[in-house]
Number of protein chains: 2
Amino acid sequence: MPPEASIPSHLGFAILGLLARRQRTGYDIAKAMERPVGYFWTARHSQIYPELARLEDAGLVRHRVVDGAGPRPTKRYAVTAAGKRALRSWVASELEPQPVRDLETLKLWSVWLVAPEIAKSFVRQSLSAHKARLAAYEEELAGVDADTDSRDPGHPLFASRLTLEGGVRSRRAAVEWCEWMLDELDWAGDHHRSDRHRQGHGARRGT
Amino acid sequence: MPPEASIPSHLGFAILGLLARRQRTGYDIAKAMERPVGYFWTARHSQIYPELARLEDAGLVRHRVVDGAGPRPTKRYAVTAAGKRALRSWVASELEPQPVRDLETLKLWSVWLVAPEIAKSFVRQSLSAHKARLAAYEEELAGVDADTDSRDPGHPLFASRLTLEGGVRSRRAAVEWCEWMLDELDWAGDHHRSDRHRQGHGARRGT
DNA sequence: GTTTCATATGTCAACATTGACATATGCCGC
DNA sequence: GCGGCATATGTCAATGTTGACATATGAAAC
């Protein structure tokens, strides 16, 4: 029996999710954390290798040494039956609210401090980032969508299709939002200039 | 001159953004990190108090002791001129790509492992959370929108309006996405069953 | 009257995450 | 043949973040 299997961290479940689809080396996992898993969860290799060791201690994954190019033995990991059970029960568990950390919105929240022109250049940066991500999602979704396996709710591609669809929808909304903000800033900039020249500085408050 | 002002952390800028709108105690900041700033950035008081001390060391905020109900002296913080400059230049700086950490999508990505019925209950949980958040955003936006200050690009409420509009749009997209997923799961669940039992089945709607 | 809640500030251990350092091989282009 | 890149796994110090512990007062609910 493996040591008592403590509940893995979020990263642990991200790794189990990858290994449940197919076996991988730690290096493969690190690459997947850029794309496509990196679209919603990221980690560096320096976090992945220790986490794999912890998962193995808990009996949720195991490895076999294979041929490879590194200076150390290359290890290929696979999920165990216990690992798959842990993953399944995590998916079925209540979705706890997660801390939000959105740097883009945080910056935008203080955008009233800078001139409308600078605000517009900020929004344009956001817009192009969202557009690029949208294009990536759409391309990947087209590939998944063409595969008939993506209609089978028991196939990994089914889940890939759901997540990609969400990505496309949220990025489309973000692109439209940025375009709306540019309109607002255009109008506000003009308006502001017109009655810019004198008004008192009263005590302002905001929420 | 204060000690050399190192660049504050993201949390530091969140706090500066709050104090740039008006003075607050550490406790007030902690409450604001639930709502409305908590909509895009969160922190506990155990993180806020040390950060305020660091910001003060860097000369970006200062405090005055006021009457209060706590066991220790109550401190009211305000942003300094240097703090406002730091915040402004951060807003104008390039938007660095941020690590994504989306637990909801991470779970969904492994949803192929569970029965469609369980998947549906997961999506229903998401849906109700998104709907609740959407309602909160809409209510807050209605209040901000009614204030004419929210049209002035130099007023905090202008920035509040932009961020809330983004919140409304993204949550609306999320609600529609969840409803789309429920449709997909309905159809896929039926399809799955009918395949197994060799029964005929009707048409489905488009992607 | 007593429990509970909001006010109010702090510390600390544990865990999560990043970025730098460390290492060695094979392949490709120049 | 040499530089750069992909393969491949690891450690470590520093920073970010959480959850628990600690404390005291006034007001409202029961």
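Annotation note: Cβ proximity below 7 Å between a residue of region B:63-85 that is farther than 30 Å from A:Val114 by Cα and a residue that is near DNA strand C (Cβ under 10 Å from one of its atoms) and hydroxyl-bearing (Ser, Thr, Tyr) (sequence gap 6+ or interchain) occurs for B:Val65/B:Thr74; B:Val66/B:Thr74; B:Asp67/B:Thr74; B:Gly68/B:Thr74; B:Thr74/B:Thr25.
Within region A:8-56, the residues that satisfy the criterion of being over 20 Å from B:Pro99 (Cα atoms) and without any contact (Cβ under 8 Å) to a residue 24 or more places away in the chain are A:Arg22, A:Ala53, A:Glu56. On inspection, A:Lys84 fails the criterion of being outside any loop (DSSP other than H, G, I, E, B) and within 16 Å of DNA strand D (Cβ to nearest atom). Among the residues of region A:6-32, those that are within 10 Å of chain B (Cβ to nearest Cβ) and within 9 Å of DNA strand C (Cβ to nearest atom) comprise A:His10, A:Leu11, A:Ala14.
Looking at this structure, is B:Trp112 within 16 Å of DNA strand D (Cβ to nearest atom), assigned to a helix (DSSP H, G or I) and within 30 Å of A:Gln47 (Cα to Cα)? Please lay out each step first, then the result.
On the way: within 16 Å of DNA strand D (Cβ to nearest atom): no; assigned to a helix (DSSP H, G or I): yes; within 30 Å of A:Gln47 (Cα to Cα): yes.
Against the criterion (within 16 Å of DNA strand D (Cβ to nearest atom), assigned to a helix (DSSP H, G or I) and within 30 Å of A:Gln47 (Cα to Cα)), B:Trp112 does not qualify.
Scanning region A:62-86 for residues that are away from DNA strand C (no atom under 16 Å from the Cβ) and either of a type outside the set (Ser, Thr, Tyr) or touching a Ser or Thr at 6+ places or on another chain (Cβ under 6 Å) (or both) turns up A:Arg62, A:His63, A:Arg64, A:Arg76, A:Ala78, A:Val79, A:Ala81, A:Ala82, A:Gly83, A:Lys84, A:Arg85.
Being open to solvent by 30 Å² or more (accessible area, probe 1.4 Å) and more than 10 Å from chain B (Cβ to nearest Cβ) is not true of A:Ala115.
Take the conditions outside the structural domain of B:Trp41 (by TED's automatic domain parsing) and either under 18 Å from A:Val100 (Cβ atoms) or open to solvent by 60 Å² or more (accessible area, probe 1.4 Å) (or both) and apply them to B:Glu184. Does it pass?
Values: outside the structural domain of B:Trp41 (by TED's automatic domain parsing): yes; either under 18 Å from A:Val100 (Cβ atoms) or open to solvent by 60 Å² or more (accessible area, probe 1.4 Å) (or both): no.
Here the answer is no, as B:Glu184 does not meet what is asked.
State yes or no: is B:Glu179 at the interface with another protein chain (Cβ under 10 Å from one of its Cβ atoms), open to solvent by 30 Å² or more (accessible area, probe 1.4 Å) and touching a residue at least 40 places away in the same chain (Cβ under 8 Å)? So B:Glu179 does not fit the description; no. Every test in (1) touching a helix residue (DSSP H, G or I) at 6+ places or on another chain (Cβ under 6 Å); (2) within 22 Å of A:Ser93 (Cβ to Cβ); (3) open to solvent by 50 Å² or more (accessible area, probe 1.4 Å) is passed by A:Ala81 save one, and that test is (1).
Of all residues in region B:94-109, those satisfying the criterion of being open to solvent by 20 Å² or more (accessible area, probe 1.4 Å) and within 14 Å of DNA strand D (Cβ to nearest atom) are B:Glu96, B:Gln98, B:Pro99, B:Val100, B:Arg101.
Can you confirm whether A:Gly143 is at pLDDT 95 or above, more than 7 Å from chain B (Cβ to nearest Cβ), more than 30 Å from B:Leu16 (Cα to Cα) and open to solvent by less than 70 Å² (accessible area, probe 1.4 Å)? It is true that A:Gly143 is at pLDDT 95 or above, more than 7 Å from chain B (Cβ to nearest Cβ), more than 30 Å from B:Leu16 (Cα to Cα) and open to solvent by less than 70 Å² (accessible area, probe 1.4 Å).
Quick check, is A:Val91 buried (at least 16 other Cβ atoms within 10 Å of the Cβ), more than 7 Å from chain B (Cβ to nearest Cβ), among the β-branched types (Val, Ile, Thr) and outside any loop (DSSP other than H, G, I, E, B)? Quick ask: steps written out before the conclusion?
On the way: buried (at least 16 other Cβ atoms within 10 Å of the Cβ): yes; more than 7 Å from chain B (Cβ to nearest Cβ): no; among the β-branched types (Val, Ile, Thr): yes; outside any loop (DSSP other than H, G, I, E, B): yes.
In short, no.
For region A:103-119, which positions are of a type in the set (D, E, K, R) and closer than 16 Å to B:Pro156 by Cα?
Step one: list which residues in region A:103-119 are of a type in the set (D, E, K, R), which gives A:104, A:107, A:117.
Hit for region A:103-119 is A:Lys107, nothing else.
The values are calculated or read from the model by the stated rules, or taken from the named source; none is laboratory data. Fair warning: this is a prediction, and the values are worked out from it, not measured in the lab. Positions of Cβ are generated from backbone atoms using ideal geometry, with glycine treated the same way; all protein chains shown enter the neighbour counts. Accessible surface areas use protein heavy atoms only, side chains included; no ligands, DNA or RNA. Shrake-Rupley method; radii C 1.70, N 1.55, O 1.52, S 1.80 Å.
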